[in-house]
Amino acid sequence: MRHNAFGRKLGRTTSHRLAMFRNQLASLMSKERIITTLPKAKELRPIAEKVVTQGKRATVHARRLVGRWILDRDLIKKVFDEIAPRFESRPGGYLRIVKLGPRQGDGAEMAVLEFVDFQLKKTAAPAPAGDAKARKAKAEETAASEAKPKRPRSPRPPAAAKAPAEKKAATRGKAAAPKAPAAAKKTSTPKKIGSS
């Protein structure tokens, strides 16, 4: 029996599990919303709430304690400057878990872990596929094409259009010429070994 043993092992070694929580915590602080499995979300929420509570203290010691979990200095700055001040009057419960149901591939229970004041940004249209440079080049190209006046396309000359049709009609009336017979393959008789 696992008496007084708290926390899920999640099928990982201690170092792997802690590294996974650090990565998930960094994603949560940068995007403020992540989708993960339900057991991972339940394990990550207390860690994330302690980090936000340290952010509300805003001392050098608190920054060092947060630095144990978040390795990126920009994210530490975001925790102390943006995230923690939003929850200044709230005594706890900064995150919520919303169940999503089973995952399609393996049936694992999925959940969303997000801040309670998170607002999903509505986008007008999905972003085009590709990297930022390709999108920028495409935008410049469309702007340039709109700026240029379009020339009307010149029609094809009628003689050029009739020539292939007349040629087809002329060849239809003739009988197909017989094909030349294929050259007969040379067959060589195998030599007998030992006879000269």
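Rule-based calculations on the coordinates, nothing more; no lab input. No experiment lies behind these values; they were computed from the predicted model shown. Neighbour counts run over all protein chains shown; Cβ positions are idealised from the backbone, glycine included.
Per-residue HN-Hα couplings for region 36-46, Karplus 6.51 cos²θ - 1.76 cosθ + 1.60 at θ = phi - 60°, whole Hz, x for Gly and Pro?
Each residue of region 36-46 in turn: 8, 6, 4, x, 5, 5, 5, 7, 7, 4, x Hz.
What is the count of Lys pairs in region 14-115 whose alpha carbons sit under 15 Å apart, if the two are 8 or more places apart or on different chains?
Number of lysine pairs found: 7.
Return, ordered by residue number, the residues of region 72-95 whose backbone nitrogen is under 20 Å from a label point located 7 Å along Cα→Cβ of Asp117.
From region 72-95, the list is 75-95.
Around Thr14, with a cut-off of 14 angstrom between Cβ atoms, what is the net charge of the other residues, counting Lys and Arg +1 and Asp and Glu -1?
Around Thr14, the charge tally is +4.
Using a cut-off of under 19 Å, list every residue of region 88-104 whose amide N is near the label point 7 Å from the Cα of Lys42 along the Cα-to-beta-carbon line.
Correct set: 93-103.
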